[in-house]
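Student: Quick one: the structure is below, and I'll ask about it shortly.
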Amino acid sequence: MQQIKIFKGAESDIESLERQINDWLARNPVRVVQMSGNIAPQSGDGRARLSAVPNDSDLLVLLVYEPA
């Protein structure tokens, strides 16, 4: 049966998100069916859009897998 795992991180910390995903894959015996990602404006209360300095975007990675 296919299942999903969702990972979320910040654009400025891609290495941490990669490490989180790779660590999860190393700890869990799964067969990856599909992996996709998306980048979107950072979530929050909207005040960041008014700032002169833009905030990081949110990264979302969706992993479809089957347990081994």
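Student: Name the long-range amide H neighbours of Ser57: under 5 Å, sequence gap of 5 or more, or other chain; modelled H, no Pro or chain starts.
Tutor: Correct list: Glu11, Ser12.
Student: I've got another one for you. Apply the Karplus parameterisation 6.51 cos²θ - 1.76 cosθ + 1.60, with θ equal to phi minus 60°, to every residue of the stretch 7-22 and state each ³J(HN,Hα) to the nearest whole Hz, in sequence, with x for glycine and proline.
Tutor: Karplus values, whole Hz, x for Gly and Pro: 10, 10, x, 9, 4, 6, 10, 4, 4, 5, 5, 4, 4, 4, 5, 5.
Bear in mind that the values in this text are calculations on the coordinates, not laboratory data. Please read these numbers as outputs of a predicted model, since none were measured by experiment.
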